[in-house]
Every structure is written in structure tokens, then in C-alpha cells.
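Written below as C-alpha cells is the structure these notes are about.
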There are 2 protein chains.
Amino acid sequence: MKGFKIQPELSGPVEDYLKVIFELETSAGVAGTNEIAGALGVAPASVSGMVRRLADQGLISHERYRGVQLTKAGRLAALRTIRRHRVIEAYLTTALGYPWDRVHDEAERLEHAASDELIDRMAAAIGEPTTDPHGAPIPSRDGTLNEPALQSLATVPVGARVCIQRVGDRDAEQLRYLAELGITPGRLVEVLAREPFDGPISLRVGRITRSIGAGLAKQILVDA
Amino acid sequence: MKGFKIQPELSGPVEDYLKVIFELETSAGVAGTNEIAGALGVAPASVSGMVRRLADQGLISHERYRGVQLTKAGRLAALRTIRRHRVIEAYLTTALGYPWDRVHDEAERLEHAASDELIDRMAAAIGEPTTDPHGAPIPSRDGTLNEPALQSLATVPVGARVCIQRVGDRDAEQLRYLAELGITPGRLVEVLAREPFDGPISLRVGRITRSIGAGLAKQILVDA
DNA sequence: CCCGTAAGTTAGTCATGGCTAACTTATGAT
DNA sequence: ATCATAAGTTAGCCATGACTAACTTACGGG
């Protein structure tokens, strides 16, 4: 029976730390103290304290004054939390009619309270979705994450027609705006023009032409 | 805009205390420190500490060495939590196929994380139920609890036919047993015999005859 | 190569919500 | 009326996870 260390029930805050560390590792390569603090809305000193505890528990490795990295156990715990979050988001929109701009906050709280059984039942009830409402892939039960190679809409050449795959889910207001524009995963858009110096991008969505800023375009991912 | 004090987001533990104080007040009339401690599985000293904080927040009134009583604000908060709990239980069984012996623990955790919007959407999705799967009435959104007058199966006269209205929901094993016997809310049973000195009670459930102990019978409530 | 700045850490504090051990109060039996 | 006992409280401790203020380290520009 060796090799089976039971997981000692991670607290909500610990799960949040692991989640943002995972996301920072994925996007930025490293997870710095200040970045973690910014993502969680806590003071950098609080991160230093938590980093020590996480390292003591073997969830991250930490080289003083350098960054932080998830261990295998930490990565698995992070992916479990991310799976919960995304399954909950998918369930809330599909089964309970939540608008996609309001599922994030709800999932943020429920992900720490839901049992594995509940998550699996939710996933089964809506047909085992593979992505959440914003297009983010849902890790499998055993912690495998299938992250497809995507490019940002900001880098798509003029004239190309691409399919929206995923949008940033942090800003509810932004999500409402995107829904209004019709920019949702699965939608086809054509890039009509792009102004230089991070200028606006002109799009055709359906039969309507829209112009969006470069910052927003960076949050929109399309197939490569 | 006077008279509108915004509620400062009660913590999970605080909600749990208010809930058990409400339940003890309802069943026992008073809520004593030791009873609260027993119901929550904490030490009596911990209750004393929490009682001070709850009194400071105006959620309970407390006379030293006498009992504890919910204020209007405390009662409302308790009923909100109980509503959440029972709506979640009802939703899990109706919409997600949970067996009735496993909804309690799940609801115990979710009730502190779910928003009012989620609770209302769940309730709407399953047709605004008025009781949870164990027959406990669900408080309304504004904190009204319609507690019907019931009697325990242990006091029903021999020969009477009664309808099961509600069963104790604390013990999962007991719930599994009751389900096996067919003793669920809405079911008709006839009391065939009762032995003296808290002896077993003989029942007809459907066309089958069963005998249950007096302790279990006390946990089964039927229409008066 | 050095040095200022940004990033990170430490020290010390606080609130919450637990615990044990020791004390106080209330109450019922004699 | 008193006194043992159960119920309740206080004191003092701990872990978690936040904070501010002050310090240290790393690093890029000159």
C-alpha cells in the first residue's frame, strides 16, 4: 500500500493559490510572487507566507527570490480544482440557464465545496462537455488537460476567416460586450482590416461588421 | 435610507451555529452551550467563544449561564441557510439523481457557497418544491417557514393509517434502511401493533409487514 | 563594475475559530 | 440550607491566512 498518500483536504485559499500558479506557469512560464499576489488580490507578503506552507506540503518547489513551480502533486491538485471550476461553469450555463458573464464568480465559490461525485454527476448530466462556456478545456477526471494550440485574434492576418475558440473569462463586463457582438466560441469571423500600432481590428461576424480594440482582440483565441 | 443595515457576509461556521441554534430552539425550546457543542461536534468552550461573537453581531441574545436565543436578524440568517440547504438537497435528488442518504453532507458544504441566484434557479428548475427529500419544509425566499403540526410514528394509536410526512435526515445509514423498508414521505402505513416499554412497532407498508424499534419510530413523523 | 529600482522576504500584528485545563455558577437531592 | 455535579465560562494556547513596515536580493542600465 505504499505510494498512496491520501490528500489531506486542501483549503479553499490553498486551492486558489495552486490554480493561479498553474495558470501563470502556463501563460508566463514562471510564477512570481507579485504576479500571484496580483492575480489573487492579496499583498505580496501574504504570498511569501503561503509559498512557504505550500512548499512544506510538497505542492510547490521554491527557490528563494526566484520563482515558484508546481510539483507533480501540486499540478494535480490545481487541475482538479480547474476541472471543478470549468465543469461547474458549463453546468450552470447549460442546465440552469446562467448567462456566461455570471458563472465565473459562482464557480469560484462552489469549486471549493463540491465533491468529486457532484462534479461527475454534473458533467454526466450535460453530456461530458470538453470545454467550459468560454471555450477553456476541461481537464479529465485523472488530471489530463488537452490544451489545443490557439492564436490570438490580434495576430490573425487580414482576410483570414477563423473560428472563435476561446475568450478571456475574468471580466464580466467584457463577456457581456462580446456576447452582444456575437463573439462566442464556435462563431466564424473574418478579419477585414487591422490598423497599425495596436490599432482597432475590423471584423465581420455573421453579416455584421464590427471594430474592436487590440487589447480585447488579444483576449480572443481562434484556431491556429 | 435608515434601517437598512447590509448583512456583512456570514462565514460558514457562523451560519452553522445559527442553523443549529434555530433547530435546538425549535425542538428543545432553549439552546444550551453543550447542546450546541454536541450538534456541531466542537468543544463547549469553543461555543462560548462563538456565542460572544454572535451576540456582539446582534445575531443572538445571551444571558450568562442561561441559554442563547436568536434575534430577529439571527433567525432570518438561520432560515436563509436552512432554505439553501433544503433547496440544494431537493435539487440534488430531483435533478442529479442523488440518493437521499447522500444529499445531506453535500448540501452541508454547498449551502455556504451558493448565491441566492443559484438557489432560486435550482428551486425554479425543479418546480419550487415545498419540502426537501426527507420531508422537511423549505423556508420561502423571505424567511417564512411553514412548519406543519406532525406527530411521531411512535405515538400513533394502534390501528391507525397515517401518511409519512418527514424522517430524520442526520444518519445516512438510517436513511438507507428506511428506503429499503419503503418508509419515505408520502407513503401510507398502518400501525398494526406496539409493544409496551418502548418496544417494537409493527407496521404495514404497502402489502408488507415490518417491525421497527421505538427509537427509529420517533424519527418518523406522520400527519396528525 | 556598481548601483538604483523592482521583486521578494522577514518581522510583527490581527481576526477567526478551534483546542485543553481550570475555574465559576446553577440546580436538584438530601 | 448546603453541597455535589453538571453546565457554562475564562484563560491561554495553536494554525490559518490576511495585513503593514522594514529589510534584502537580483538585475539591468550607465
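The values are calculated or read from the model by the stated rules, or taken from the named source; none is laboratory data. Here the structure is a predicted model, which means the values were calculated and not measured. No Cβ is skipped: glycine too gets one built from the backbone with ideal geometry, and neighbour counts run over all protein chains shown.
Considering the conditions (1) among the hydrophobic types (A, V, I, L, M, F, W, C); (2) assigned to a strand (DSSP E or B); (3) within 17 Å of the chain's Cα centre (by Cα), A:V191 is excluded by exactly one of them, (3).
Taking the range A:21-42 as the range and being assigned to a loop (DSSP other than H, G, I, E, B) and more than 8 Å from DNA strand C (Cβ to nearest atom) as the test, the residues that pass are A:G29, A:G41, A:V42. Out of the range A:47-81, which residues are within 8 Å of DNA strand C (Cβ to nearest atom) and either closer than 21 Å to A:H112 by Cα or in a helix (DSSP H, G or I) (or both)? Once the filter is applied, which keeps residues that are within 8 Å of DNA strand C (Cβ to nearest atom) and either closer than 21 Å to A:H112 by Cα or in a helix (DSSP H, G or I) (or both), the range A:47-81 yields A:V47, A:S48, A:G49, A:V51, A:R52. When we screen A:G58, A:G74, A:G67 for residues that are within 16 Å of DNA strand D (Cβ to nearest atom), crowded, with 23+ Cβ neighbours inside 10 Å and more than 14 Å from chain B (Cβ to nearest Cβ), the only hit is A:G74. Restricting attention to the range B:91-112, the residues that are touching a residue at least 40 places away in the same chain (Cβ under 8 Å) and touching a Lys or Arg at 6+ places or on another chain (Cβ under 6 Å) total 2. Within the range B:29-44, identify whether any single residue is more than 8 Å from DNA strand D (Cβ to nearest atom), at pLDDT 95 or above and of a type in the set (D, E), and answer yes or no. So far as the range B:29-44 goes, no, none of its residues is more than 8 Å from DNA strand D (Cβ to nearest atom), at pLDDT 95 or above and of a type in the set (D, E). Considering the conditions (1) in contact with a strand residue (DSSP E or B) (Cβ under 7 Å, 6 or more places away or on another chain); (2) closer than 27 Å to B:T94 by Cα, B:A179 is excluded by exactly one of them, (1).
Scanning the range B:157-214 for residues that are hydrophobic (A, V, I, L, M, F, W, C) and under 14 Å from B:P133 (Cα atoms) yields B:I164, B:V167, B:A172, B:L175, B:L178, B:A179, B:I183.
Only residues that are outside any helix (DSSP H, G or I) and more than 9 Å from chain A (Cβ to nearest Cβ) were counted across the range B:90-116, and they come to 3. Out of curiosity, is B:L118 within 16 Å of DNA strand D (Cβ to nearest atom) and within 20 Å of B:S140 (Cβ to Cβ)? Answer is no for this residue.
Looking only at the range B:129-161, residues that are free of Cβ contacts under 8 Å to residues at least 60 places away in the same chain, within 30 Å of B:I119 (Cβ to Cβ) and hydrophobic (A, V, I, L, M, F, W, C) come to 2 in all.
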